[in-house]
1. Condition (residue is touching a Ser or Thr at 6+ places or on another chain (Cβ under 7 Å), charged (D, E, K, R), assigned to a strand (DSSP E or B) and free of Cβ contacts under 8 Å to residues at least 60 places away in the same chain) applied to the range 89-105: is it met by at least one residue?
2. What is the one condition in (1) hydrophobic (A, V, I, L, M, F, W, C); (2) closer than 30 Å to residue 207 by Cα; (3) in contact (Cβ under 8 Å) with a residue 12 or more places away in the chain that residue 146 does not satisfy?
3. Checking the conditions here, which among 224, 159 is more than 25 Å from residue 264 (Cα to Cα), modelled with pLDDT of 95 or more and assigned by TED's automatic domain parsing to the domain that holds residue 98?
4. Of (1) touching a helix residue (DSSP H, G or I) at 6+ places or on another chain (Cβ under 8 Å); (2) small (Gly, Ala, Ser); (3) on the phi < 0 side of the Ramachandran plot, residue 116 satisfies all except one. Which?
5. Looking at the range 227-310, what strands (runs of 3 or more DSSP E) fall wholly within it and have at least 3 residues that are surrounded by fewer than 21 Cβ atoms within 10 Å (Cβ to Cβ)?
6. Output yes when any residue across the range 1-11 is within 13 Å of residue 260 (Cα to Cα), in contact (Cβ under 8 Å) with a residue 24 or more places away in the chain, among the charged types (D, E, K, R) and out of contact with any His (no Cβ under 9 Å at 6 or more places or on another chain), and no when none is.
7. Determine, yes or no, whether residue 65 is among the small types (Gly, Ala, Ser), within 21 Å of residue 266 (Cα to Cα), buried (at least 19 other Cβ atoms within 10 Å of the Cβ) and touching a residue at least 24 places away in the same chain (Cβ under 8 Å).
8. Restricting to the range 194-226, what's the tally of residues that are under 21 Å from residue 24 (Cβ atoms) and either assigned to a helix (DSSP H, G or I) or aromatic (Phe, Trp, Tyr) (or both)?
Amino acid sequence: MKDIGFYIHIPFCDSKCPYCDFYSRKGTEQMYEEYTEQLIGKIHDSKYAGKYAAKTLYFGGGTPGIIGAQRIGRIISAVKESFFLDTDKSEVTVELNPGLNTDYYKLRENGVNRISFGLQSAVESELELLGRRHSSIDAEKCVDKARSEGFDNISLDIMTAVPGQTEESLKQSIRFCTDLKVQHISAYILKIEPGTVFYKKRAELSLPEDDETATLYECLCTEMKKAGYRHYEISNFCRPGYESRHNLLYWRDEEYLGLGASAHSFLEGKRFYYPRSMQDFYDDNIIDDGTGGDEDEYIMLALRLAEGVSYDRFEERFGYKLPEKYIKRCVQLEKNGYIKIMDGGFSLTEKGFLVSNAVIAYLLS
């Protein structure tokens with residue numbers, strides 16, 4: 001039986017952050033219950049049930065914790081029954097907002113073993129600008145509480161290139177995370193997406209120039225390394241052995257099933273998704289997004305990782321050796337300091353990470 005990742009999208013939030021482009025909306029207890037029942041029914045009725053085993057389970061959103069630990073537990077039980085999830089061996093992650101009233105004991109009892117907190121910043125002025133409703137003190141209390149209830153795999157999200165952010169304010173957020181000794185830190189560069197409040201107000205925002213963004217990213221990488229965190233993916237850092245196993249599936253171009261409004265899937269060589277609509281999800285309106293997993297896609301995703309492209313893994317995947325054209329382009333990129341060529345493959349350098357889109361575009365052109 002083949003292992004896959006399993007993603008559940010919970011589209012509910014108390015309020016919409018001005019930078020957020022994910023599908024979310026306000027909900028009620030009745031809506032939480034109806035959505036949970038729909039998820040459970042579709043898990044059991046899925047044409048893939050019994051054919052695949054979930055080696056990871058990830059609850060994203062929205063704010064998944066808003067539906068409560070008891071409902072999350074019921075969804076986990078359904079995945080156990082229909083997709084052979086073994087919570088003793090599999091990674092089960094729930095995204096939470098700091099300050100949310102969460103029953104950590106119940107989550108742990110129901111099989112959750114990894115928590116990802118959406119901190120975004122430990123600087124109060126930046127939190128206010130980002131529309132976050134928690135303080136750094138709230139976040140510290142949540143991490144301490146989760147740890148006291150048995151969680152030993154905790155991730156914090158922070159943002160770089162926040163309007164008005166300086167190297168010192170970024171270092172403050174980094175120190176906050178590293179002082180808490182969490183196992184994993186995700187650090188995403190703020191991107192202004194169409195349709196968001198920030199996009200409408202972009203002319204009023206004090207956004208950093210490209211050079212400033214690059215300087216902040218370099219500061220991030222330096223500080224994380226000093227604190228003993230491994231830079232294993234463009235935007236992700238961890239203590240040894242605490243990589244996000246679910247997200248590694250995406251970056252290694254492995255297969256996963258997504259359920260919920262706006263959830264995407266890659267299974268049996270095909271990509272498909274639910275529209276950004278609860279009713280479309282309820283009505284099983286699934287959009288075909290074509291095929292996936294070709295060599296260009298594989299290389300593009302692999303280069304997000306510090307491990308990069310493995311010649312052996314490529315040949316095992318596609319049944320032929322990596323075409324020489326890629327290796328020739330890598331030689332030129334290595335001369336410019338963007339690529340590191342190793343005996344068994346190649347990867348981006350940290351300089352390459354900074355301009356990864358351009359490097360990958362050249363490599364695959």
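The values are calculated or read from the model by the stated rules, or taken from the named source; none is laboratory data. Not measured: the values here are computed from a predicted model. When we count neighbours, we look across all protein chains shown, and the Cβ atoms used for this are built from the backbone with ideal geometry, even at glycine.
1. yes
2. The single condition residue 146 does not satisfy is (2).
3. 224
4. Residue 116 satisfies every listed condition except (1).
5. In the range 227-310, 230-233, 270-273, 287-291 are the strands (runs of 3 or more DSSP E) which contain 3 or more residues that are surrounded by fewer than 21 Cβ atoms within 10 Å (Cβ to Cβ).
6. Within the range 1-11 (the criterion being within 13 Å of residue 260 (Cα to Cα), in contact (Cβ under 8 Å) with a residue 24 or more places away in the chain, among the charged types (D, E, K, R) and out of contact with any His (no Cβ under 9 Å at 6 or more places or on another chain)), the answer is no, since none of the residues qualifies.
7. Against the criterion (among the small types (Gly, Ala, Ser), within 21 Å of residue 266 (Cα to Cα), buried (at least 19 other Cβ atoms within 10 Å of the Cβ) and touching a residue at least 24 places away in the same chain (Cβ under 8 Å)), residue 65 does not qualify.
8. Residues flagged as under 21 Å from residue 24 (Cβ atoms) and either assigned to a helix (DSSP H, G or I) or aromatic (Phe, Trp, Tyr) (or both) within the range 194-226 amount to 5.
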